[in-house]
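Everything on this sheet refers to the single structure shown next.
Taken together, the values in this text are just the output of simple stated rules run on the coordinates, not laboratory data. Quick caveat, the model's predicted, so the values are computed rather than measured. Backbone-built Cβ (ideal geometry, glycine too); neighbour counts: all protein chains shown.
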Amino acid sequence: MLVQGAFEVMTGLGRAGAVDIRIRDGKVFEIGNLKKEKNEAVVDASGCVIYPAWVNTHHHLFQALMKGVPAGLNAPLRDWLFSVPMSYRGGLDEDTLRVSARLGIVELMLSGCATIFDHHYHNYPGIPYDGPAILFEEAARLGVRFVLGRGGTTMAAPEFGGAAPWLAPETADAMVADVERLAARYQDPSPLSFRRVVMAPTSPHFRVRPEELPQFAAAARRLGLRMHTHLSENLDYLTHVRAGHGVSPVEFCAERGWIGPDVWFAHLCHVSDAEIAMMARAGTGIAHCPGSNARLGSGIARAPEMDAAGMPVSLGVDGAAANEPGDMLSEAHLAWYLHRAAKGAAGAPDGGADATTIEDVIRWGTAGGARVLGLHTGVLQPGYAADLAIYQPDELRHLGMHDAAAAPVASGVRPKLRRLICGGRTIVEDDRIPGLDLDQLTAQVRAAMGRMKLFVPPPYSLSAGH
């Protein structure tokens, strides 16, 4: 396959100009001014800019049917957790989870994303269906690379007084056993893998016991799996860990084996210079989630400083229940803006316009994402996966754009997606997903939403918790 005629190719590491891309065996074979070979298929990219397909390093697909819940619209993180995902998880069944996953994956694909890490913590003893299997099935059906973070808790949620069986804790041994089961069935360690499994307890100190973290880390490393969890999302993390353990959250994790190049944390909105230096030395990365962090008022991760220190920086959409756009272009656009505003607000003499560039956020969301997941994707260079998004920026919002290659990120409006290619295979063409009936999906989502809205969440008391 020869992709020809684009006015600019963004490689994930910079700009390559108006070059062509030859794809063979699911990989980029060569880039340059190329001529069609005999019997070679040609993809016309004239009038388009090409990006590496986005790599989303933190999501919660089960939340795609929990957008805009009134009780959580203006709530901070803790209130939102209890009033939305922890409450409405009781309304999930096998069918609603499948529809939610399908919706979430399709939203990401239409923004140009071809690799998804999903932090799936909707697990509890006796759950009557295999949630991870549903997620892998939906991802395979749609043709994306899928990395599953097997989440879970080992401590009860006293805030619900036992009225929420879907929040019942598991044992650490049961969590490890299920990770072993999933790894045996799905884990493909190859650099161009379409299926991976990650050890991903929901929180390292709120909902699992400190002494269990080394057990989880040892099991992950024995199985050759990466490790992921939420950390320092808001100030509650700092006060809870310091009060209980006398150290910072990153130090708490490091003392229990949760640091290294096989670890990345979501959020990290509140970390010190020392913690950034510690993670940079260890090669520990971040899934930067500016959308959900802004939506919940949690804070702003110091992603530019982390990047400068040498930490692997990636972008994550997070769950749509706290970030309703649910797509990677919105996330990249916000990341570009947010750090400029933060630097200016902090009193930088010349303002903050130099805090982040378009190229920075593209790199975070492509090459950076592939780095934290350990995949040979996210970069358009020979030998890397042929995962690319071909955007046609000719909507009204894109007119007048001098640097049209920046339009997908700079405009804040999704351009037409002429093609999304994953592993050399077209999975979106002209904003349509082959084999997917969007009208049927719309009907399925509406039916599932109808069932979700009939669900009455149990009452909870925040005074009963930590």
Length gain on complete extension for the stretch HIS402 to LYS416, per 0.36 nm per residue less the alpha carbon to alpha carbon distance?
3.2 nm
For segment 1-122, give me the percentage of DSSP beta bridges that are antiparallel, rounded to the nearest 5 percent.
55
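Return the inverse of the average 1/r over all pairs of distinct C-alpha atoms in segment 229-375, which is the Kirkwood hydrodynamic radius, in Å to one decimal. Working shown, then result.
Details: mean 1/r = 0.0651 Å⁻¹.
Hydrodynamic radius (Kirkwood, Cα only) of segment 229-375 equals 15.4 Å.
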Listed by chain and number, the residues whose amide H is under 5 Å from that of ARG195, excluding neighbours fewer than 5 places away on the same chain and using placed H, are PHE146, ASP188
So between GLU40 and ARG425, what do we pick up on full extension, going 0.36 nm a residue minus the alpha carbon distance?
137.2 nm
Among LEU148, VAL9, ALA101, flag the residue with its Cα farthest along the positive direction of the charge dipole of segment 1-153, charges on Cβ as +1 for Lys/Arg and -1 for Asp/Glu.
VAL9
All alpha-carbon distances of the chain, grouped into 10 Å bins from 0, give the whole-percent distribution 4, 21, 32, 27, 13, 3, 0, 0
Under the 7 Å Cα-to-Cβ spin-label approximation, ASN74 and ALA163 lie apart by a distance in nanometres of 2.4
Could you work out how far apart the two model spin labels at ALA345 and LEU238 are, taking each label as a point 7 Å from the Cα in the direction of the beta carbon, and quote it in nm?
1.5
What distance in nm separates the simple spin-label points at ARG222 and LEU438, each placed 7 Å from Cα in the Cβ direction?
4.8
Restricting to aspartates and glutamates and to Cα separations under 12 Å from LYS35, and discarding same-chain partners fewer than 8 apart, the set is ASP20
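Using only alpha carbons, build the gyration tensor for segment 209-285 and give me the equivalent ellipsoid semi-axes, biggest first, whole Å. Mind dumping the intermediate values first?
Values: eigenvalues 78, 43, 21 Å².
Each semi-axis is the square root of five times an eigenvalue, giving 20, 15, 10 Å.
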Just report the Cα centroid separation between segment 355-418 and segment 1-61, whole Å.
11
Spin-label zone in segment 184-211 - amide nitrogen under 13 Å from a point set 7 Å from the Cα of ASP130 along the C-beta vector:
184-187
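Could you order the peptides 90-98, 199-207, 399-407, 345-353 from most to least packed, using the average number of other C-beta atoms within 10 Å per residue?
With the highest mean Cβ count within 10 Å placed first, the list reads 199-207, 90-98, 399-407, 345-353.
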How large is the convex hull of the C-alpha atoms of segment 164-218 per residue, in Å³?
107
On a 0 to 90° scale, report how tilted helix 438-454 is relative to the longest principal axis of the chain, with both axes built from alpha carbons and the result rounded to the nearest 10.
10
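Ranking request for peptides 445-451, 35-41: highest mean number of other beta-carbon atoms within 10 Å first, then the rest in descending order. Don't skip to the answer; put the middle values down first.
Details: 445-451: 14.9, 35-41: 9.0.
Highest-to-lowest ranking by the protection proxy: 445-451, 35-41.
DSSP beta bridges in the chain, what fraction antiparallel, as a percent rounded to 5?
40
Where the convex hull is taken over the Cα atoms of segment 10-97, what is its projected area averaged over directions, in nm²?
On the way: hull surface 42.3 nm².
Over all viewing directions, segment 10-97 projects a mean Cα-hull area of 10.6 nm².
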I'd like the Karplus ³J(HN,Hα) series for segment 215-228: coefficients 6.51, -1.76, 1.60, θ = phi - 60°, whole numbers in Hz, and an x wherever there's a Gly or Pro.
5, 5, 5, 5, 5, 4, 6, 5, 8, x, 9, 7, 10, 8
So what are segment 108-172's ellipsoid semi-axes, whole angstrom, largest first, if each one is the square root of 5 times an eigenvalue of the alpha-carbon gyration tensor?
29, 12, 10
Only Lys, Arg, Asp and Glu count, each charged at its Cβ (+1, +1, -1, -1), so figure out the dipole size of the chain about its Cα centre, rounded to 20 debye.
440
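Using every Cα-Cα pair within segment 1-151, state what percent have a distance larger than 28 Å. Display every interim value, and only then the final one.
Values: 4367 of 11325 pairs.
Taking all Cα-Cα pairs of segment 1-151, the fraction more than 28 Å apart is 39 percent.
Mean projection of the alpha-carbon convex hull of segment 308-436 over all orientations, in nm²?
On the way: hull surface 40.9 nm².
Its Cα hull, projected and averaged over all orientations, spans 10.2 nm².
With N denoting the number of residues in segment 4-57, provide Rg(C-alpha) divided by 2.2 N^0.38 Å, to two decimal places.
Numbers: Rg = 11.6 Å, N = 54, 2.2 N^0.38 = 10.0 Å.
In units of the globular-protein estimate, segment 4-57 measures up at 1.16.
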On Cα atoms only, tilt of 94-110 relative to the major axis of the chain in degrees:
40
Considering only C-alpha atoms, what is the centroid distance from segment 127-143 to segment 167-218, in Å?
17
Restricting to lysines and to Cα separations under 26 Å from LYS36, and discarding same-chain partners fewer than 8 apart, the set is LYS27, LYS416
If one computes P(r) from the Cα atoms of segment 140-282, what percent of pairs lie at distances over 24 Å?
35
